[in-house]
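Take a look at the structure below.
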Amino acid sequence: MNKQLKTMLFKAEGRYFDEAEAAFLMGYAEATLARLDTAQAIERAEPVILDDVVAAVMTAHPEIQRIHGDGGAPRVRRDQAMTLRYATLAMIQQDPDFIHDKFAVWLRVILGALCALEHVTCGYRALIDACRRHLLPDDAAAVIPYIQIVLDQFEQPGARSS
């Protein structure tokens, strides 16, 4: 949940919202509806976004096919779909900590142990590019910062490569 909203709800326990709090809630509700529209656009575009990502990663790193056999492309697709979905949930909540704490750090540990770092970062860069190509500019701008949080986990010092 959005931290500002959570704090406001906690402070308002046992009383009604004042004018400023009610105005904030109305604005938050309207913005949430817009973010839900964005989430639906992302969901509709997901298949083509993921097709582009898989094609880009497999073209840039054909060794994935040699390493993982026929399971390589489906693994890329699965991992990128999870990332896109978590990024969308974080975007809806406007909570970068959600994707960082609940997904990005965990994923860094898992993929850092199982995959070459350059394969992973290629995938996230391709995901960002595919979102720019297949979503309206406002929708892409809403979700890309959350995907970037995941990419940043792999690009920070100390990220491992297998």
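Would you point out the residue of segment 26-51, among those that are among the β-branched types (Val, Ile, Thr) and in contact with a Lys or Arg (Cβ under 9 Å, 6 or more places away or on another chain), that is nearest to Ala140 (Cα to Cα)? Of everything passing the filter in segment 26-51, Ile42 is nearest to Ala140 (Cα to Cα).
Here is the figure for segment 23-47: residues that are out of contact with any helix residue (DSSP H, G or I) (no Cβ under 9 Å at 6 or more places or on another chain) and surrounded by 15 or more Cβ atoms within 10 Å (Cβ to Cβ) total 0. Every condition in (1) farther than 20 Å from Pro137 by Cα; (2) touching a residue at least 40 places away in the same chain (Cβ under 8 Å); (3) out of contact with any Cys (no Cβ under 8 Å at 6 or more places or on another chain) is met by Ile92 except one, and the failing one is (1).
Conditions tested, residue by residue: (1) closer than 30 Å to Thr83 by Cβ; (2) assigned to a helix (DSSP H, G or I).
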{"site": "Gln4", "(1), (2)": "yes, yes"}
{"site": "Leu9", "(1), (2)": "yes, yes"}
{"site": "Arg15", "(1), (2)": "no, no"}
{"site": "Phe24", "(1), (2)": "no, yes"}
{"site": "Ala31", "(1), (2)": "yes, yes"}
{"site": "Leu36", "(1), (2)": "yes, yes"}
{"site": "Gln40", "(1), (2)": "yes, yes"}
{"site": "Leu50", "(1), (2)": "yes, yes"}
{"site": "Thr59", "(1), (2)": "yes, yes"}
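Within segment 40-89, the set of residues being among the polar types (S, T, N, Q), within 17 Å of Val150 (Cα to Cα) and without any contact (Cβ under 8 Å) to a residue 60 or more places away in the chain comprises Gln80, Thr88. Among residues of segment 149-162 being modelled with pLDDT of 85 or more and surrounded by 18 or more Cβ atoms within 10 Å (Cβ to Cβ), the one that is nearest to Ala60 (Cα to Cα) is Leu151. For segment 1-22, residues that are surrounded by 10 or more Cβ atoms within 10 Å (Cβ to Cβ) and among the hydroxyl-bearing types (Ser, Thr, Tyr) total 1. Among the residues making up segment 97-147, a single one is modelled with pLDDT of 95 or more, crowded, with 18+ Cβ neighbours inside 10 Å and not in a helix (DSSP H, G or I): Leu135.
Taking segment 56-77 as the range and being farther than 12 Å from Leu127 by Cβ and among the small types (Gly, Ala, Ser) as the test, the residues that pass are Ala60, Gly69, Gly71, Gly72, Ala73.
For segment 59-90, residues that are surrounded by fewer than 19 Cβ atoms within 10 Å (Cβ to Cβ) and among the aliphatic types (A, V, I, L, M) total 6.
The values are calculated or read from the model by the stated rules, or taken from the named source; none is laboratory data. Note that this is a predicted model, so its numbers are computed, not measured. No Cβ is skipped: glycine too gets one built from the backbone with ideal geometry, and neighbour counts run over all protein chains shown.
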